Amino acid sequence: MAHPQVVIGVDSSTQSTKALAVDTGTGRVLGEGRAAHRVDSRHGQESDPEQWWDALNTAVAATGWADRAQALAIGGQQHGLVTLDAAGRPVRPALLWNDVRSAPQAAELVQEFGAQWWAAELGSVPGASFTAAKWAWLRAREPANADRTAAVRLPHDYLTERLTGHAVTDRGDASGTGWWTPDGPHPAVLARIGLDPALLPAVAPTGTPAGRARAGGPLRPGTPIATGTGDNMAAALGLGLTAGAPVLSLGTSGTVYTVARTRPADPTGTVAGFADALDNWLPLACTLNCTLAVDRIATLLGRDREAVEPGGTAVLLPYLDGERTPALPHASGLLHGLRHDTTAGQLLQAAYDGAAYSLLAALDDVLAVDRPAGTTSAAGTAGSADTPDPAQPLLLIGGGAQGPAWQHTVRRLSGRPVQLPAARELVALGAAAQAAALLTGEPADAVARRWGTADGPVLPALERDDAVLERIATTISQTAALQSGGR
Ligand SMILES: Nc1ncnc2c1ncn2[C@@H]1O[C@H](COP(=O)(O)OP(=O)(O)O)[C@@H](O)[C@H]1O
Ligand SMILES: O=C(CO)[C@@H](O)[C@H](O)COP(=O)(O)O
């Protein structure tokens, strides 16, 4: 039997690195590896980039295909600020996407230029997550570290550069910086935050390689390395996502997104106007508190994560890390509506509801990006061929998608059918599809469609629980303490 052509796709996410060795012909996963990351949450949310490199080496070696793989690509957690000195070593630990210390800097940037300006010029209104706000924080709070920085990278760029020696990024991950435009970094943003464009990597055109593996890494020297991309863009590739198909990802972050042909421009800041890893757009809303926050509530209650009970009047907003959607960076968790007969299982269900609510509330805005003004999303009404159909299943991915309580919560609060792709690790699969595309010359999303990665059972729609949605919306709008975390 002929040997398969094998590529490796890597997901370097907040909590861990996962690597898959994939047969480019069939999409079959031939080997897997995983290594955990440490996140330091004492002051903000930080990780040492060197440990991502060690984790990459461990996870790739564990696939069993490191010395035979014919290409590799990395999907990485978005937005993180990696600062390197002249010798290429981290100046300090990376500031992660969920570090909200940069909220004041983000607010200043929005106030100075105006939200409309950001939406029109950059496609996104920056929040604390965006790399531009993090660099502004570093300049303000640690000027000596900012001065010592000779290169600024995103998490996946840092790893690609360690593999290849080339400072290269892609349009998808770059679009989460807050300075990227299709025509190059925005000079007014870079000037305002005091960032020299010479510190930034080149943005490689879609489909071109970043370079070849050097000696001293996990692969055979000379192995082609694709540019990689942000983890959400990689998951979109991994699903072979088509325009208008909605995705809900339940991981460390919660995200809701689709592929759009129109560049997003939401001045409210709810929908980030990211680019995808091809030539389209990826309108996306993101929450900071998702699976980890709900698991933490289950632990506090001393319950298994599946031990939920229906009913009751409690609202639990699990904003343990502050929140990004809605924009409440200083919030802490909130419990409201307790009664004598409230059960622990109802409290746990309320945590799932509180975490899912904001993502589902943002879904219509995400899907509206390709919809011409004056049309509606209702099936059978006026609109373009891309008009989203509410009966179209929501693709549910990420670690949480495996949990029945998450699945039921999403069906109950969305009123939509939910599709569960049988393929796991869609970020790593998307990276593998990008690596395979280097070898076969196909577009990466077409590779994933050929692999059938989105195939899986569809759970029918449930009647939407509007009473719970209303109760959560009222609690958020009427609780002033959420602005300050109750301090
Ligand atoms: N069977 C399961 N049921 C519910 N949640 C799960 C299950 N397995 C994993 N998870 C959740 O998935 C999360 C990890 O998701 P993942 O998408 O891998 O994270 P990341 O965003 O770091 O890539 C964990 O925090 C855990 O709570
Ligand atoms: O900030 C965002 C998206 O804008 C997050 O989705 C990060 O990309 C983190 O991803 P995970 O570690 O949860 O996969």
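The values are calculated or read from the model by the stated rules, or taken from the named source; none is laboratory data. For clarity, every value in this text was computed on a predicted model and none was experimentally measured. Neighbour counts are summed over all protein chains in view; Cβ atoms, including those assigned to glycine, are modelled from backbone coordinates with ideal geometry. Side chains included, ligands, DNA and RNA excluded: accessible areas come from the protein's heavy atoms. Shrake-Rupley method; radii C 1.70, N 1.55, O 1.52, S 1.80 Å.
Annotations for the structure displayed:
- Summed residue charge, Cβ within 15 Å of Gly194's Cβ, Lys/Arg positive, Asp/Glu negative: 0
- Cα pair distances exceeding 23 angstrom across region 187-278, given as percent: 46
- Carbon and sulfur %, accessible surface of region 6-233 computed with the full protein complex present, 1.4 Å: 50
- Averaging Cα coordinates gives a centre for region 227-305 and one for region 99-172; these two points are 19 Å apart.
- Net charge of the neighbourhood of Ala213, taken over other residues with C-beta under 15 Å away and scored Lys/Arg +1, Asp/Glu -1, is +3.
- Overall dimensions of region 6-233 as given by Cα atoms, namely Rg and Dmax in Å: 17.4, 52
- A cut-off under 11 angstrom between Cβ atoms defines the neighbours of Leu241, and their net charge, with Lys, Arg +1 and Asp, Glu -1, is -1.
- Simple rule: put +1 on each Lys or Arg Cβ and -1 on each Asp or Glu Cβ in the chain, find the dipole, and look at Ala174, His156, Gly254; the Cα lying farthest toward the positive end is His156.
- For region 58-189, the square roots of the Cα gyration tensor eigenvalues, ordered a ≥ b ≥ c, give a/c of at least 1.5 with a/b greater than b/c, which places it in the prolate category.
- Evaluated with a Cβ-only charge set (Lys, Arg +1; Asp, Glu -1), the chain carries a dipole of roughly 620 debye about its Cα centre, given to the nearest 20.
- Take every Cα pair under 8 Å whose residues are at least 6 apart in sequence, average their separation, divide by the length of region 6-233, and the relative contact order is 21 percent.
- For the chain, calculated [θ]222 nm from helices alone, where every DSSP H run of n ≥ 4 adds -39500 (n - 2.57): -10000 deg cm²/dmol
- Normalised size of the chain, defined as Cα radius of gyration per 2.2 N^0.38 Å with N residues, equals 0.93.
- For the chain: relative contact order, % (alpha-carbon pairs under 8 angstrom, 6 or more apart): 16
- Membrane-span-like helices in the chain, defined purely by DSSP H runs whose alpha carbon atoms cover 30 Å or more axially and whose average Kyte-Doolittle hydropathy reaches 0.0, are 344-367.
- The chain, accessible area per residue, ligands and nucleic acids excluded (1.4 Å, Å²): 38
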